[in-house]
Amino acid sequence: MKKIFLFMFVIYSFIISAEISQKSQTEYSPQMSLQQLSVQSGIPVKKLKNLLNLNSQIDNNIPLENLNIDKTTITETISEFAEQKHSYYSGIVLIGMLIVFVSLITIGFVINQLRHLHLFEKIKEEKLKKKKPKFSDKENSSDMEVSSDAIIAAITAVYLHELEVEEQHKFLLTWKRTPVSMWKAISRAEKPNELYFNKKN
């Protein structure tokens, strides 16, 4: 809101400064025509004729000297037009500021009422409901993929664990057997030659 007022003030001051510069640049010359005076002062020709109380059918190229218009009359005419222009532009600026101010108040009031009615929340909820099935389907498919991968990994881990346990048992059975001397084993074993001679005797 402050920015809008500042912007309006800058425009108004710019218009005033432009008018002052135009007024200072206007130079009087008896040979000057109405058209030239209109260009220098920034006053339209019709408005200039109206302010000088001249007939609208007069030629615009007639010198001011022939129309009995002196420098004082021109200065008063330009000052009168500037005052009217100031009031005109100030009225436009004030009307514009009032329109902007009223429109901002109206928009704020409408938005406040819409918040009380929860219309924005309903619209958001409807959009979320429309979007949820798509995301849920993707999430379900991803969950199914993850669960199948997890099952395969678990089965593989159990199988490898069983193999590892079996290998450990075999290893323990091999190294925990009681040591046997081969000579004692031979002496305990039945010798075929000895049995043969014993039978002969």
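Annotations for the structure displayed:
- Within segment 58-100, the set of residues being in contact (Cβ under 8 Å) with a residue 60 or more places away in the chain, over 22 Å from K46 (Cα atoms) and of a type outside the set (V, I, T) comprises S90, G96, M97.
- Checklist (1) polar (S, T, N, Q); (2) at pLDDT 80 or above; (3) surrounded by 13 or more Cβ atoms within 10 Å (Cβ to Cβ) applied to Q57, failing item: (3)
- Residue within segment 100-109 that is small (G, A, S), under 32 Å from the mean Cα position of the chain (by Cα) and at pLDDT 75 or above present: yes
- Residue match in segment 33-42 (condition: closer than 18 Å to H86 by Cβ, at pLDDT 60 or above, surrounded by 14 or more Cβ atoms within 10 Å (Cβ to Cβ) and in the same structural domain as V93 (by TED's automatic domain parsing)): yes
- Verdict on T106 being out of contact with any Ser or Thr (no Cβ under 7 Å at 6 or more places or on another chain), within 20 Å of Q31 (Cα to Cα) and either in a helix (DSSP H, G or I) or not polar (S, T, N, Q) (or both): no
The values are calculated or read from the model by the stated rules, or taken from the named source; none is laboratory data. None of these values were measured; they are calculated from a predicted model. Every residue, glycine among them, receives a Cβ derived from its backbone with ideal geometry; neighbour counts consider all protein chains shown.
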